[in-house]
Amino acid sequence: MLLSVLISVGFLLGCGLFLAALLLLAEKKILNYGICRIQINAGRKELEVAGGSSLLTSLAEHNVFIPSACGGRGTCGYCKVTVHEGGGAIHPVEEPYLTPEEIAANVRLACQVKVRRDLDIAIPEELFSVSRYRARVEHKRPLTHDIVELRLKLLDPPALTFEAGQYVQLESAEYKGRESVMRGYSISSLPTETSHIELIIRLVPDGICSTWVFHHLKNHQEVNFSGPYGFFHLADTDAPIICIAGGSGMAPIWSIIRDMQARGITHRPTTYFFGALTQRDLFFLDEFKQIEKDAPWFKFVPALSQEPADSDWTGERGLITDVVNRHFPDASQHEAYLCGSPGMIDAAIAVLQNNGMPEHHIFYDKF
């Protein structure tokens, strides 16, 4: 009986997948939407594209790059644009990522808007400066058991201008039946080093791009990425700073702190809290010790949440939010820069606000 039920369910599921594939093929091969025009920012740029693809794809094919961390599957919510005309009805996939105010303002996910007619859209002006780059892997070195550092030499264009804290979208190659995708990774190198970039990438279980980086990407191999993206960077104030990160969230903070040192920003006392599970998850310890020696305004506080009680670790223990709470019961005069998982960042924001930090003094990059 159970076998019969499983066979029936499998048959129905197979039929559903077949019909879905057939509909996609019909739309792509049979339906012809002709040439569609996309007006961007009230005529700032106009494109003529072949109808039928997503707005995200159509823009990228004409070198207008919209941030996207999920490869256009509608699961990250990053590729928001304003569609004044021609976008059609909101797709159910979009709704969870749009606030009522955004829906009222015609904000859409570019990956879910199909180009089937002329469109009138608006995007942030800074996205016009985003470009696609070709680079070569100079080195791929392990930092921990599940984090590597990539150093990419730029080939075309040969230089990248960015602010410390911004990110790029790395394109994976196809491998073992996995499609090419784009994933966002913060730049960890200094903005003054324009001929190359460095990325800190953590292996995500079954992650398409991170698996490709760890197990298939080789030294001297050519790669493509687009960028720079993002608004996570040091604010132009005099407030003392609290940085909080974990894992590969190290990347933008590593860039920001060294950029402060390079630019001689010595009047803003900075404490960096880095959360990890055990000692094997720590890296750049020697580098931060050197910065502490060279920069009296800087302090590095690593904390371990699952380190064995009988180990030789003499540093901070516990959740990074608890450590921050102990060090800064009054954070009302500080600014904070946070990078890491949504759960960690939300918990850190709660602690900082409870300790007096105004909401507009908290800057973060969730991934």
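Observations on the model:
- Against the test of being surrounded by fewer than 17 Cβ atoms within 10 Å (Cβ to Cβ) and in contact with a His (Cβ under 9 Å, 6 or more places away or on another chain), the options Ala309, Ala239 yield a single qualifying residue, Ala239.
- Residues that are in a strand (DSSP E or B) and of a type in the set (Gly, Ala, Ser) within the range 135-182 comprise just one, Ala135.
- Some residue of the range 90-97 being modelled with pLDDT under 95, of a type in the set (A, V, I, L, M) and outside the structural domain of Gly246 (by TED's automatic domain parsing): yes
- Residue match in the range 288-304 (condition: over 28 Å from Asp236 (Cα atoms) and touching a residue at least 12 places away in the same chain (Cβ under 8 Å)): yes
- Within the range 48-68, the set of residues being surrounded by fewer than 19 Cβ atoms within 10 Å (Cβ to Cβ), closer than 19 Å to Pro124 by Cα and not hydroxyl-bearing (Ser, Thr, Tyr) comprises Glu61, His62, Asn63.
Table: residues versus (1) out of contact with any strand residue (DSSP E or B) (no Cβ under 7 Å at 6 or more places or on another chain); (2) part of a strand (DSSP E or B).
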residue: Asp238; (1), (2): yes, no
residue: Arg258; (1), (2): yes, no
residue: His267; (1), (2): yes, no
residue: Asp286; (1), (2): yes, no
residue: Ile291; (1), (2): no, no
residue: Ala303; (1), (2): no, yes
residue: Gln306; (1), (2): yes, no
residue: Trp313; (1), (2): no, no
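- Residues in the range 147-175 that are over 18 Å from the mean Cα position of the chain (by Cα), touching a residue at least 24 places away in the same chain (Cβ under 8 Å) and farther than 30 Å from Thr82 by Cβ: Lys153, Leu154, Leu155, Pro158, Ala159, Ala173, Tyr175.
- Selected residue (criterion: nearest to Ser305 (Cα to Cα)) from residues of the range 254-279 that are among the hydroxyl-bearing types (Ser, Thr, Tyr) and surrounded by fewer than 21 Cβ atoms within 10 Å (Cβ to Cβ): Thr278
- Among the conditions (1) assigned to a strand (DSSP E or B); (2) touching a Gly at 6+ places or on another chain (Cβ under 7 Å), the only one that Ile121 does not satisfy is (2).
- Hits in the range 240-256 (condition: assigned to a helix (DSSP H, G or I) and among the β-branched types (Val, Ile, Thr)): Ile253, Ile256
- Lone qualifier among Ser172, Ser180 - being over 29 Å from Arg44 (Cβ atoms) and either surrounded by 18 or more Cβ atoms within 10 Å (Cβ to Cβ) or of a type in the set (A, V, I, L, M, F, W, C) (or both): Ser172
- Taken as a whole, the range 341-353 holds at least one residue that is of a type outside the set (A, V, I, L, M), outside the structural domain of Gly165 (by TED's automatic domain parsing) and not in a helix (DSSP H, G or I).
- Checking His220, His216 one by one, the residue that is closer than 22 Å to Ala159 by Cα and more than 16 Å from the chain's Cα centre (by Cα) is His220 and no other.
- Filter pass, Phe128 being more than 15 Å from Leu217 (Cβ to Cβ), of a type in the set (Phe, Trp, Tyr) and part of a helix (DSSP H, G or I): yes
- Filtered residue count, the range 181-211, keeping only those that are touching a Phe, Trp or Tyr at 6+ places or on another chain (Cβ under 7 Å) and either farther than 12 Å from Val148 by Cβ or hydroxyl-bearing (Ser, Thr, Tyr) (or both): 6
- Of the residues making up the range 37-63, those that are more than 12 Å from Lys114 (Cβ to Cβ) and in a loop (DSSP other than H, G, I, E, B) number 6.
- Matching residues in the range 183-231 - criterion: being among the charged types (D, E, K, R), under 17 Å from Ala164 (Cβ atoms) and part of a loop (DSSP other than H, G, I, E, B): Glu193
This table checks each residue for (1) under 21 Å from Arg258 (Cβ atoms); (2) modelled with pLDDT of 95 or more; (3) aromatic (Phe, Trp, Tyr).
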{"position": "Leu282", "(1), (2), (3)": "yes, yes, no"}
{"position": "Phe288", "(1), (2), (3)": "yes, yes, yes"}
{"position": "Lys299", "(1), (2), (3)": "yes, yes, no"}
{"position": "Leu304", "(1), (2), (3)": "no, yes, no"}
{"position": "Ser311", "(1), (2), (3)": "no, yes, no"}
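Per-residue answers, yes or no, for (1) within 27 Å of Lys153 (Cα to Cα); (2) modelled with pLDDT under 95:
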site: Glu198; (1), (2): yes, no
site: Gly230; (1), (2): yes, yes
site: Ile242; (1), (2): no, no
site: Ala251; (1), (2): yes, no
site: His267; (1), (2): no, no
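- Tally, over the range 71-91, of residues that are under 22 Å from Asn41 (Cα atoms), of a type in the set (A, V, I, L, M, F, W, C) and assigned to a loop (DSSP other than H, G, I, E, B): 3
The values are calculated or read from the model by the stated rules, or taken from the named source; none is laboratory data. Computed from a predicted model, the values in this text were never measured in an experiment. All Cβ positions, glycine included, derive from the backbone under ideal geometry; neighbour counts span all protein chains shown.
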